[in-house]
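Below is one structure, written out as structure tokens; comments come after it.
The values are calculated or read from the model by the stated rules, or taken from the named source; none is laboratory data. Keep in mind that what you see is a predicted model, and the values were worked out from it rather than measured. Cβ placement follows ideal geometry from the backbone for every residue including glycine, while neighbour counts extend to all protein chains displayed. Surface areas here come from the heavy atoms of the whole protein model, side chains and all, with no ligands, DNA or RNA. Shrake-Rupley method; radii C 1.70, N 1.55, O 1.52, S 1.80 Å.
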Amino acid sequence: MIAIIAQTIISSISIPTEAQNINIHLLNGEVVSISKAEWKRGKKYSDENTIVYKRKKEYFEVHKDQIDYVQYESLDTYEKTVDFMSEYARINDLDEHVLNYYHTKRHKNSRTSQTFAVGAWTIGALANPWFLAVAPLPTSQAVKHMKGVDYQYVLRGKEWRECKKRQKEKVKSLKAKAKALKESKN
């Protein structure tokens, strides 16, 4: 029972990475990388001509006429912010690699939750009725994850391992780029 509850909690937590930022490419060639949290904190101060984001207790503005386009590296960020950002700039299509990675990841998460759900229902019905109390948690997670999967982008086996490796390298390079930019500003 503890394993099922722990899996449910762990799978609902996602650790943000640089790849989940909104990358706003400006006309002058500069790139402004905004995290979802920074965007959310400043969104209420944005208007039809300005995007406001809050970083380290300070508000920053990006004016609509300075923006060339917006690029996403995460399907999750894209789904949560594209409607708002499309009012300000042209949104570049997501790379097929990004779609492959996030849909396969969702599929893997749904299969894990599905396994725990079947286990919880089975143990609850056959051995210990207390498991019936927690069985809906992984079941609802499995259903939620499965609804978000576009199976045309799901990879298997060697393709998935290669895609995961490329994503890891991309995140590493984005972190290095962000670190270099941060050091150059100091």
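Does at least one position in the range 131-141 carry a residue that is hydroxyl-bearing (Ser, Thr, Tyr), farther than 29 Å from VAL32 by Cα and crowded, with 16+ Cβ neighbours inside 10 Å? I'd like the intermediate steps shown before the answer.
Taking the range 131-141 first, the residues hydroxyl-bearing (Ser, Thr, Tyr) are 139-140.
Restricting the remaining residues to those that are farther than 29 Å from VAL32 by Cα gives 139-140.
Pick out the ones that are also crowded, with 16+ Cβ neighbours inside 10 Å and you get 139.
Yes: the range 131-141 contains one or more residues that are hydroxyl-bearing (Ser, Thr, Tyr), farther than 29 Å from VAL32 by Cα and crowded, with 16+ Cβ neighbours inside 10 Å.
Conditions tested, residue by residue: (1) assigned to a loop (DSSP other than H, G, I, E, B); (2) among the aromatic types (Phe, Trp, Tyr); (3) open to solvent by 20 Å² or more (accessible area, probe 1.4 Å); (4) farther than 21 Å from ASN23 by Cα.
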{"residue": "ASP76", "(1), (2), (3), (4)": "no, no, yes, no"}
{"residue": "TYR101", "(1), (2), (3), (4)": "no, yes, yes, no"}
{"residue": "HIS107", "(1), (2), (3), (4)": "no, no, yes, yes"}
{"residue": "ARG111", "(1), (2), (3), (4)": "no, no, yes, yes"}
{"residue": "THR115", "(1), (2), (3), (4)": "no, no, yes, yes"}
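If a residue must be open to solvent by 70 Å² or more (accessible area, probe 1.4 Å) and in contact with a His (Cβ under 9 Å, 6 or more places away or on another chain), how many such residues does the range 40-71 contain?
Residues in the range 40-71 being open to solvent by 70 Å² or more (accessible area, probe 1.4 Å) and in contact with a His (Cβ under 9 Å, 6 or more places away or on another chain): 1 in total.
Looking at the range 17-39, which of its residues are of a type in the set (Asp, Glu) and open to solvent by 40 Å² or more (accessible area, probe 1.4 Å)? Give the derivation first.
Within the range 17-39, the first condition is being of a type in the set (Asp, Glu), and the residues that meet it are 18, 30, 38.
GLU18, GLU30 - these are the residues of the range 17-39 that are of a type in the set (Asp, Glu) and open to solvent by 40 Å² or more (accessible area, probe 1.4 Å).
Find all pairs meeting these conditions: Cβ atoms under 7 angstrom apart; at least six residues apart or on different chains; first residue within the range 114-130 and under 19 Å from VAL143 (Cβ atoms); second residue in a loop (DSSP other than H, G, I, E, B).
From the range 114-130, the pairs are ALA117/ALA135; ALA120/ALA135; TRP121/ALA135; GLY124/ALA135.
Only one of these conditions is not met by TYR88: (1) under 30 Å from VAL52 (Cα atoms); (2) loosely packed, with under 15 Cβ neighbours inside 10 Å. Which number is it?
(2)
Considering only the range 68-77, I want to know if a residue exists there that is farther than 30 Å from ASN100 by Cβ and either at pLDDT below 85 or in contact with a strand residue (DSSP E or B) (Cβ under 8 Å, 6 or more places away or on another chain) (or both).
First, pick out the residues of the range 68-77 that are farther than 30 Å from ASN100 by Cβ: none.
No, there is no match, as no residue in the range 68-77 is farther than 30 Å from ASN100 by Cβ and either at pLDDT below 85 or in contact with a strand residue (DSSP E or B) (Cβ under 8 Å, 6 or more places away or on another chain) (or both).
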